[in-house]
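The values are calculated or read from the model by the stated rules, or taken from the named source; none is laboratory data. Values in this document were obtained by computation on a predicted structure and should not be read as measured data. Cβ sites come from the backbone with ideal geometry, for glycine too, and all protein chains shown count toward neighbours. The protein model used for the area step is the full one, side chains on, heavy atoms only, and it has no ligands, DNA or RNA in it. Shrake-Rupley method; radii C 1.70, N 1.55, O 1.52, S 1.80 Å.
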Amino acid sequence: MTFALIIISALILGCAAVAMALRNLIHSALLLIGSWAGVAAFYLWAGAEFVAFAQILIYIGAISMVVLFAVLLTRQGDAPEPVEFPSLSRFVTGLIAGGGVAGVLIGAILGMPFDVRTAQSAPALSVKELGAQLMGPHAVSLLVIGLLLTVALLGAVLLASDRRPDQPEDTP
Amino acid sequence: MIIAAIDSYLEVAPLAWRDAVVQWCPEPTQWLVHHLITIVAILAVFGTLFAFTPLAERKLLGRLQNRLGPNRSGLPWWQNGPKLWGLTQPFADAVKALTKEDIVPAAADKLLHFLAPVLIVAFSLLTFAVLPFGRHLVPVGLDAALLYFFAAGSATELAIFMAGWASRNKYSLLAAMRALAQVISYELPLILSVVPIVLIAGTLSLQDIVLAQGFWTFGFLPHWFVFTPWGFAGFLLFLVSALAESNRSPFDLPEAESELIAGHLTEYSGFKYALFFMAEYFGLTALSGLGVTLFLGGWQAPCAFLQFIPSWLWFMGKVIGMLLLFIWIRGTLLRLRIDQLTRLAWQFMVPLTLINLGNAAFWSLTAGWTGPLQLVRWGVSLAIIVIPFVLLGRRLSAGRHPRTYRYAAS
Amino acid sequence: MSVSDLSSFTPSSGPTVRAVKDPFHGDLLEVSMGPQHPSTHGVFRMVVTLDGEVVVKLKPVFGYLHRNHEKIAENTTYLGSMPYTDRLDYLCSMTTNWAYALAVEKLAGQAVPDRAQYLRVILAEMTRLVNHSCLVGFLFNDLGTSFTPLLYAFREREKILDLFEALSGSRMMCNFQRFGGCRVDPTPEWLAAASRLVDNYPRFLDEYETMLTANEIMLARTQGIGILDAKLAVNAGITGPCLRASGYNYDLRKVDGYGFYPRFDFKVPLGAHGDTYDRYMMRILEMRESVKILQQAFRDLPGGPVMDPKAKIRGFRPKAGEAYGRIESPKGELGFYLISDGTPNPYRYRVRPPSLINLTLLEEMCLGHTIADSVVILGSVDIVLGEVDR
Amino acid sequence: MSPLQICLLLSSLLFCIGLVGVLSRGSAILVLLGVELMLNAANINFIAFWRYGPNPDAGTGIVFVLFSIAAAAAEAAVGFALVIAVYRHQRNIRLQEANRLKG
């Protein structure tokens, strides 16, 4: 079991790290999709089937499409990002910051004795129970999330549409 | 009694054979053999179905078009032997696809160009894992099977995008853009069109959904969801979205041959092309299977007395019927334009699926109405879906109608 | 609308102006559609500049099929270039033959017997059926059907081509007209078969229209697409169904009254919008009128010879002079301009190909529409590359 | 090392990779992708603590992750719409140059 977890972790971290280092945005996006798929595999490993499928459906089915669409629409598919000196210094700064945070977190995790549950099998939570949870104690949150999604969708449409009042659309 | 005995044997025969083989294997490998047999069986059955679906498509299209379709390929070692109505055509096609040269453009992104067909076939095959093929034949009895199906299916468009982008061909790139726009538009109505089923059946498990459709009124009127107003509307909406999701005519925009040559397939040849072809038909079969499961009663027989026919035969029969319907549509309809396609999705399909969801909610709330109230229930439910359909449809086709023409005076 | 309305018209400064005004200039995608593209109706190329999917510039490129037709004709006898005219518009060899024969007959002052005139009308109208059937079939293919309407149209076309083969020996390269008549006289059986076919033709048209004319997708894809302004069309020299779809009444069968067309009762359908749908409907309506003409011709077909006995076949040398013979070919005005210097060869031989001239406004029609529409618009213009490139 | 610790290590490393991406890349799209990675890292923590925590049958971790995924979808929709708006404005998506509020 732990072995599978290590393989999944390697997949997630490898894909994510390479994606953040690549110059070609399409390759980055596709590798990140691999990383998201790895996260879904982790959820499956942990026994959270519903979340795993939701992760695939939302991340690979929807967000990745939006990302790729944005890359193509902004004509970044073939143009690698230019290397400039400021961006190099930013890179070093980012690396130092990220490394520092990582060091602190890893130190904390390794030094903290966790009270781990002994049972190895994943807790079974059926879709029905999950639904009861969502509609019961978390109903308000569900409504808020629904509202958030609606507002976000409307906002995205408004932001992305370039129809200005003084310039009529000339496409049919 | 005799019929019942035959029924029970045929019904479980595939499982019995699998168990026999598994028993014969040594203990530590049994779980592996158990799963391998399932996988191989799915591959064999649907591989065969895939081999003959294009043949059926070509034959049927031929019949639709006053011609015969392929009827020449006989047995290779029997020169003047029977032609077998062209039934050996799939094997000839397979040999041809395998022996053709695989051309990769020099400018292409070689890795992605190679990965795209592999991914698309893999993901389209994954969807078969949760379909209930028969009363006892469910490869993976997932609790969230419906969600799994859409999750696995959603990745195929990603592969189409990869193919289009990696080819470094302008037509392919346009096709990739179209594929993305299409999937962003149609994923939503596809999922929304099946939500009423979840609402009524109260489960995401496909087997439970089939079981929920498992009774007959008077022994011959099946309780399939398609025979309710919201179910029928949902089935039609699902059908249209499924056509769009699997890039079939009239939504075959990514590979529109009269505009984009072959779209994302322009730079593919040989076996990689065959893989795309395979994935298209696998995806089509899987969506047919889902449609059958959700709306057409799955493996249930249409009449009570027809139950002696094994359930998996009913399932396959219905799937093949759906495939023939898809082929018929392909032989009949014209292709939409990309802006019309997205407009249809957002201005027609999405509102209708949402209204249909409300319709299903009404149906579920009025489950207790009987007698004359039953008629009221049907009427209201029909009105809920038909009136928006007519209004939205009229808005969508506003200003377009067949014209009458004048003639010159002299 | 008449010619006098056109006096106020000033030609536009060129359709590519809109491409320059485009705010995304520099981010456009140039796609070369053709010469090996499934929908360009032969070896034709459109260099299309796209903003997204919208055409902002379109440049037709042709000449891939150039065969030096006019120069070859100047170096051969008058009769010797008759088979070459078959290859101009290879779907309609009967009408190209007739246009050339008409020009030569004008040049030489050659009379044509009545039976031959009727026969020419019959063959020309049957050719119109062939051409328009092909055109609507291919148009639906461009619209994305999987060959079904095309093959229905081809079924009817094949029946007519079989008749052509029975009459002339060749399905498409008929080489049938001669200066002063026709090559052979059809048998009564042929005439009966042709008459039967024509009587059955409206059934095919009804079937076709039931299936497709009111189809919602068809309406959405063609109405309002590729609008051609009548003034612009007249100025560019567009003729044939494309011009009439824009609402301008100009049909050489009525205007010139060549052959025996004044003897027939038929009407000229006119469009009102000049869009792709109108161009499609013009073809359907013209086929219905052709059927009417054919039925009258079979009824009234006189006896007699099909070839003027005084016509000179060998050693044919028309007097020095010039002549322009034109007919309403299925695609538009097809004209042959000939100058004779008294030798057995024409001094100058010039073809006015309707396909080429109808193509000149392709960009004007396609601008602002999507790449998918440009394919359909090209299909509705009706070109044959043998005639465009010559 | 217990599985829980491996999960936490995974999530912290993933979070830091996302952080480095957000801080060091100039392209708006990559910055947004980095944010998505950080969200995913948080989700991994939720699932890990649900799996190995004291009260696994409550399912609150799963519910939280579902909400988080929905929020991520909303973030992606708005974020990439912003990217497209920025591109319309300045013809590239380098964030250093996106320093004007009005144009």
**OP:** Taking only segment A:128-172 into account, find how many residues are among the hydrophobic types (A, V, I, L, M, F, W, C) and either part of a loop (DSSP other than H, G, I, E, B) or at pLDDT below 80 (or both).
**Re:** 2
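Of the residues B:Leu199, B:Leu174, which single one is over 24 Å from B:Phe348 (Cα atoms) and either within 13 Å of chain C (Cβ to nearest Cβ) or in contact (Cβ under 8 Å) with a residue 24 or more places away in the chain (or both)?
Details: B:Leu199 fails: over 24 Å from B:Phe348 (Cα atoms).
Matching residue, one of B:Leu199, B:Leu174: B:Leu174.
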Subject >> Residue check, C:Val56 open to solvent by less than 10 Å² (accessible area, probe 1.4 Å), at pLDDT below 90 and outside the structural domain of C:Arg317 (by TED's automatic domain parsing) >> reply: no
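One line per residue, one yes/no per condition, for (1) of a type in the set (Asp, Glu); (2) in contact with a Pro (Cβ under 7 Å, 6 or more places away or on another chain); (3) free of Cβ contacts under 8 Å to residues at least 12 places away in the same chain:
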{"residue": "C:Tyr324", "(1), (2), (3)": "no, no, no"}
{"residue": "C:Leu334", "(1), (2), (3)": "no, yes, no"}
{"residue": "C:Asp341", "(1), (2), (3)": "yes, no, no"}
{"residue": "C:Pro344", "(1), (2), (3)": "no, no, no"}
{"residue": "C:Pro354", "(1), (2), (3)": "no, no, no"}
{"residue": "C:Ala372", "(1), (2), (3)": "no, no, no"}
**OP:** Check off (1) open to solvent by less than 20 Å² (accessible area, probe 1.4 Å); (2) within 30 Å of B:His34 (Cα to Cα) for B:Gly86 and give me the number that stays unchecked.
**Re:** (2)
**OP:** Can you tell me which residue within segment C:219-262, out of those that are in a helix (DSSP H, G or I), touching a residue at least 60 places away in the same chain (Cβ under 8 Å) and of a type in the set (A, V, I, L, M), is nearest to C:Ala99 (Cα to Cα)?
**Re:** C:Leu252
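I'd like to check something: does segment B:340-353 contain any residue that is open to solvent by less than 60 Å² (accessible area, probe 1.4 Å), aliphatic (A, V, I, L, M) and not in a helix (DSSP H, G or I)? Reasoning before the result, please.
First pass over segment B:340-353, keeping only residues open to solvent by less than 60 Å² (accessible area, probe 1.4 Å): B:340-342, B:344-345, B:348-353.
Then drop every residue that is not aliphatic (A, V, I, L, M), which leaves B:341, B:344-345, B:349-350, B:352.
With not in a helix (DSSP H, G or I) added as a condition, the list becomes none.
Checked against the condition, which is being open to solvent by less than 60 Å² (accessible area, probe 1.4 Å), aliphatic (A, V, I, L, M) and not in a helix (DSSP H, G or I), segment B:340-353 yields no hits at all.
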Subject >> Number of the exception - C:Asp51 against (1) open to solvent by less than 30 Å² (accessible area, probe 1.4 Å); (2) at pLDDT below 85; (3) within 14 Å of chain B (Cβ to nearest Cβ) >> reply: (1)
Subject >> Number of positions in segment B:118-164 that are without any contact (Cβ under 8 Å) to a residue 60 or more places away in the chain and farther than 18 Å from A:Gly61 by Cβ >> reply: 1
Original post:
Scanning for something more than 14 Å from chain B (Cβ to nearest Cβ), of a type in the set (A, V, I, L, M, F, W, C) and open to solvent by 10 Å² or more (accessible area, probe 1.4 Å), does segment C:239-259 turn up at least one residue?
Top reply: no
**OP:** Just give me the residues in segment C:197-228 being in contact with a helix residue (DSSP H, G or I) (Cβ under 8 Å, 6 or more places away or on another chain), more than 7 Å from chain B (Cβ to nearest Cβ) and among the charged types (D, E, K, R), in sequence order.
**Re:** C:Asp199, C:Glu207, C:Glu209
Original post:
Pick from D:Phe67, D:Phe80: which is under 18 Å from the mean Cα position of the chain (by Cα), buried (at least 20 other Cβ atoms within 10 Å of the Cβ) and aromatic (Phe, Trp, Tyr)?
Top reply: D:Phe80
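Could you please let me know if C:Leu167 is under 23 Å from the mean Cα position of the chain (by Cα), assigned by TED's automatic domain parsing to the domain that holds C:Leu129 and within 23 Å of C:Asp300 (Cβ to Cβ)?
Answer is yes for this residue.
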Original post:
Only one residue in D:Leu14, D:Leu39 is out of contact with any Cys (no Cβ under 6 Å at 6 or more places or on another chain) and within 7 Å of chain A (Cβ to nearest Cβ). Which one?
Top reply: D:Leu14
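Suppose the filter is within 28 Å of C:Phe154 (Cα to Cα), modelled with pLDDT under 85 and within 13 Å of another protein chain (Cβ to nearest Cβ); does B:Gly62 pass it?
Working: within 28 Å of C:Phe154 (Cα to Cα): yes; modelled with pLDDT under 85: no; within 13 Å of another protein chain (Cβ to nearest Cβ): yes.
No: the conditions fail for B:Gly62.
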Original post:
Which residue out of B:Arg330, B:Arg335 is under 24 Å from C:Val55 (Cβ atoms), within 14 Å of chain C (Cβ to nearest Cβ) and touching a residue at least 40 places away in the same chain (Cβ under 8 Å)?
Top reply: B:Arg335
**OP:** With the checklist (1) open to solvent by 10 Å² or more (accessible area, probe 1.4 Å); (2) touching a residue at least 60 places away in the same chain (Cβ under 8 Å) in hand, flag the one item B:Phe218 doesn't pass.
**Re:** (2)
Original post:
Quick check, is C:Leu163 at pLDDT 90 or above and hydrophobic (A, V, I, L, M, F, W, C)?
Top reply: yes
**OP:** Go through segment B:370-392 and count every residue that is out of contact with any helix residue (DSSP H, G or I) (no Cβ under 7 Å at 6 or more places or on another chain), within 14 Å of chain C (Cβ to nearest Cβ) and either touching a residue at least 24 places away in the same chain (Cβ under 8 Å) or more than 21 Å from B:Leu354 (Cβ to Cβ) (or both).
**Re:** 0
Original post:
Consider D:Ile6 against the criteria (1) at pLDDT 80 or above; (2) out of contact with any Leu (no Cβ under 7 Å at 6 or more places or on another chain): it satisfies all of them except one. Which criterion is unmet?
Top reply: (2)
Original post:
What are the residues in segment B:122-149 that are farther than 24 Å from B:Pro14 by Cα and surrounded by fewer than 21 Cβ atoms within 10 Å (Cβ to Cβ), if any?
Top reply: B:Ala122
